[in-house]
Amino acid sequence: MNLDPQRFFNASQRQILYSLANGLCELCGDELDIGWHADHRIPWASGGPTEIENGQALCAGCNNKKGREMQFQDKFKPRPFQADVVTQVIDGIESGRDRTVVLASPGSGKTLAYLSLATRLFREGRIDHVAVFVPRVALAQQCEIGWQHLTQDRRTEGLCTLFEQPRFGKIWHRTNEVPLTAGKGTGFVATYSALATSEVIFTEWAAKHQGRFLLIADEAQFCGDSRDSDGGGTRAGTLIQKLHEFALHTLLLTGTPYRADNNPLVLADYEDPLNGDPKGLRPLVKHAEATYADGIAENYLRTFEMHLTEARVSRRTLGDPSDRMSGDSLLTYNLSDDGDGLAEVLRDPKTWEPLVEQVVSKVRDKQKFNPAYRGLISCMGQSEAKKVQKYLQSRHPGLRVGIAVSSDTDAPRALAEFRSLPMDILVTVRMAFIGYDCPQISVVGILTHYRDRGHLMQLVGRGLRVWSDMPPREQSCLIIAPDDPKMKEFLEHLRGQREEGLRRVEEREIAGETAGPSPEQQLALSYVESAVATTTRAASNDTDVESDELMLIESIKVEVDSAEDATKFARFLELYGIRTKRAAEVPGPRSDLDNEVFVQVPQPPRTDKEIIEDLRSRTSSAITKYLHTCGVTPGSPGYQDAVTKATFRVNESAGYTAKTANTVDRAEKRLKAALALK
C-alpha cells in the first residue's frame, strides 16, 4: 500500500477544514475547542490521502470515539489516567505540540500508559519504534521483561499479551549494542547513564529514524540542567533534548514537579510562582496527572496505616576550650519535637533496631492473610543497609532477606528475584525507590532521613500498589517510620489525599458509579550522643492509636492470632464498647518458625541479554565436557588448540560465532551444536 508521504494536515489545510465546518464538529455539532482534530475520513494508515476532500473537523471526543471503534478488542482497558495520557499525546501531535508532560504518583500505571500509547501510534502508522530511557538498570530490565518475555516452555508472556496483533514486538534493554532495534514495531529501553556514555549510538539511531519514533523520558526528574552524578545528570538531560529534536513526540513522565535539587525538569514548562511558596517554586505545566487520591478512588492503590516511633535524643555540645567558664552541655529532647540530627539518630542501633523489629512483626502479620506478602526496609547508605541485613540474619535466621545496594553489580538481579521468589524482606538504599514494581510489598520501613515529599511518596509507593491476588479493599500498607515533625507533615498529606479519594468513591457510589545559620554566626560543636526509640503510635486516615493503647492491641492480636491493622482493630473494639486505653506488656518477638512457608516457585523471567549470556556459558561448559570425555583436560598439552577446534566445529554447525549469536534463537543453536559434539 502506498501511503501519502504527508501524514498530518498542515496549518492552512486545518484553517480550511475549520471554515468548511463553520467551527462546529462535523459529527456532534458542538463548537470546536482549542486542540480540535483534523481527521482523515479514510484513515491515512488505510491509504487515505491527506487532502481537504478526505478531511473533516472533529472535536476531541468524537475523534477519540471514532478511533476506539477502529481499534482492536484488546484485553487492556485503560484507567482514566492512562486514557488521558493517550488522548493528550494524540491531541498534542494533531495540534503541533511536540511534548507531553505527565505528573504521576507511584503505582498509577505509567508503563502501561506509554506502552498502550506506543501501540496505538504504531497501529495508526505514525511511528515505527519507541525509545525509552529510565534511571536504573533494574527498571530497564523490568521494562523489557514486563512487556514481553519467554517462559521456560517457550511461551510468550507479559503485558504485550493484553493487546491483539498488530502490536509492538520486543523492547530490548540496550547499553551500547547495535542495532538498537530490529525492524518496524520494535523498541529499546536504556538508562540515562548508558545514553551519557554511548551518545553516538543513540543519536545516530535517532537521526536515522527521525519523525518515526516516540521518545519516553521516564522518571524525568533524573534529567536536568544542574550537576548531578546520579543517572547521568546534566549530560543525560542535554542528550534527551537532542533526541527530542528527532522524535515524533516526547513523553515526559515524572513523580515530582522538580528535581531533588529544586531545579526544573528537562523540556518542562512552568507557570509563574505562587505567592507564599517558601522556596519560590513555580507550578509545573502538566498535561495529565495521577495522584494518590486517584489511586484510592479507582482501587489501584491501597489505604495505609503509619506506625510512628518516638525516640529520646541526647545531644552533647562541647564547650570552648579557651573559656574555662564554658563547659560541655547535654540536651535531652524528644524526636517528635525536634527533627534536627535525624541522620545521626537513625544510625543509633537503639533507634533503628526497634523499627526493624516492627517491620518483621508486621510482615508476619500480613503473611497470615497471604504468605507471599513481604516488606521493604530503606536505609540511608550501603553500610547501614548491610548492618540491617546482618542484624536480621542474626536475630531471625529463618527470615528470607534480600539486599540490593548500588555497589552490588547484581543488584538488578536481586530486585528481580525478590519480586518473583519466596522472600520476606528486602533491604535497600535507593535501588528500589524509583519505579520498582513488586505489589507483594505491603510493609515499608523508613530508616532514611530524606523528607522531601516527592522522595517519601516514591518510597512508600512501593507498598501502595494493589496486588491482583487479593481484593483491593482488603489490602493496606503498613508504614513504619520515626516520629519526627516532617514525617508527621507527610502523614497529614497522605491523609488528605486518601480522604479526597474516598470522597470521590462515595460520590460515585451515590451517583451510581531547613535553613542553616548565617555566615556570621558561629555554632558550638555538638553531636547526638545517643538516641533511644521509646514509644510507637499508629495513625491512619480514620483514627489515631496512642502508644499505650497500641501496645495493648498488639498483645491482644497475639492472643487471638489476628493480623488486622492496629487502627482497624481499635475501631472493631470500640464498636463493641471495649476500652483499650490502658498500658500493657509489649509482646516478645515471635518465633522464626511462625508462618514458615515452603513454596515451589519457578525462576524469575530474564531479559534476552541474560538468557544469551547463560546460553553462552552453557555452550562453553558443553565444549569443556566434550573434551573431558576425549581425555583432554585443562592444563594438558594441546588443550587450547583442542578448544579452538571444537569451538570452530560448533560455530560451523550452528552458523554463528559467540559474537554473532546475539539473539536467543542463535545462542540456542550454538548450544545444541555443542551438545551434539561427538
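The values are calculated or read from the model by the stated rules, or taken from the named source; none is laboratory data. As the structure is a prediction and not an experimental result, all values here were calculated from the model. We place every Cβ from the backbone using ideal geometry, glycine too, and count neighbours over all the protein chains shown. Quick note on the areas: whole protein, heavy atoms, side chains included, nothing else; ligands and nucleic acids left out. Shrake-Rupley method; radii C 1.70, N 1.55, O 1.52, S 1.80 Å.
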Give the residues of the range 352-387 that are of a type in the set (Lys, Arg) and in a helix (DSSP H, G or I), sorted by residue number.
Lys362, Arg364, Lys366, Lys368, Lys386, Lys387
Restricting the range 239-266 to residues that are of a type outside the set (Lys, Arg) and in a helix (DSSP H, G or I), the one most open to solvent (accessible area, probe 1.4 Å) turns out to be Gln241
Starting from the range 474-488, take each residue that is over 17 Å from Val359 (Cα atoms) and crowded, with 24+ Cβ neighbours inside 10 Å and list its partners that are hydroxyl-bearing (Ser, Thr, Tyr) and at pLDDT 90 or above, counting only C-beta distances under 8 angstrom and pairs at least six apart or across chains.
none
Kindly check whether there is at least one residue in the range 289-309 that is surrounded by fewer than 16 Cβ atoms within 10 Å (Cβ to Cβ) and at pLDDT below 85.
no
Within the range 85-132, the residues that are within 27 Å of Gln13 (Cα to Cα) and of a type in the set (D, E, K, R) are Asp91, Glu94, Arg97, Asp98, Arg99, Arg120, Arg123, Glu124, Arg126, Asp128
Looking only at the range 330-342, filter to residues that are of a type in the set (A, V, I, L, M, F, W, C) and open to solvent by 20 Å² or more (accessible area, probe 1.4 Å); which one of those is nearest to Thr534 (Cα to Cα)?
Leu331
Give me a count of the residues in the range 636-661 that are open to solvent by 80 Å² or more (accessible area, probe 1.4 Å) and in a loop (DSSP other than H, G, I, E, B).
2
So which helices (runs of 4 or more DSSP H) stay within the range 33-128 end to end and still have 3 or more residues that are under 18 Å from Lys286 (Cβ atoms) and either open to solvent by 20 Å² or more (accessible area, probe 1.4 Å) or modelled with pLDDT of 90 or more (or both)?
80-95, 110-123
Residue check for Arg400: farther than 23 Å from Ala140 by Cα and open to solvent by 30 Å² or more (accessible area, probe 1.4 Å):
yes
Does the range 267-288 contain at least one residue that is part of a loop (DSSP other than H, G, I, E, B), modelled with pLDDT under 90, touching a helix residue (DSSP H, G or I) at 6+ places or on another chain (Cβ under 9 Å) and within 30 Å of Glu507 (Cα to Cα)?
no
Is it true that some residue in the range 337-346 is over 23 Å from the mean Cα position of the chain (by Cα), farther than 27 Å from Ala566 by Cβ and of a type outside the set (Gly, Ala, Ser)?
yes
